[in-house]
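Asker: Structure in structure tokens, see below.
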Amino acid sequence: MNYKKALALSILVMSITGCWVTGEGQKAGIIVKLAREGAFNKTFEAELIRGGLSSGSGVNGKSFHFTIENPLLAEKIESAFENQKEVIIKYHTEAITGCARGETNTFLDDVIIKGEQA
């Protein structure tokens, strides 16, 4: 196999498996959107508002969009959304993602609902 085919195959595998992580971190805020979206593969898409007032709103509030692949984490996010609880999310960002993996290239790894036991 020549190097061009090997490179193309490597990029394809990375885009499907998500093995090229370009960043990771955590943010705190209020979940203001949770939806199942996608033309072919429905995924959980969420939006976190951070900054501003304690409710996450205000002139300084900034939105952060992310995809949730784990159904158990989606349930925790849904609970926080319904009860308007502040959360801390841990996430990672991938350089290349396949079209079936979500609407964003940022994926939720964990969520902590403030005021609840871990």
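Asker: Can you tell me which residue is surrounded by the most Cβ atoms within 10 Å (Cβ to Cβ) among those in segment 68-98 that are of a type in the set (S, T, N, Q) and not in a helix (DSSP H, G or I)?
Answerer: Thr97
Asker: Condition first: charged (D, E, K, R) and either farther than 18 Å from Ser79 by Cβ or touching a residue at least 12 places away in the same chain (Cβ under 8 Å) (or both). Now tell me which residues in segment 22-46 satisfy that.
Answerer: Selection gives Glu24, Lys27, Lys33, Glu37, Lys42, Glu45.
Any read-out appearing in this document is the output of simple, stated calculations on the displayed coordinates, not a laboratory observation. Values in this document were obtained by computation on a predicted structure and should not be read as measured data. Every residue, glycine among them, receives a Cβ derived from its backbone with ideal geometry; neighbour counts consider all protein chains shown.
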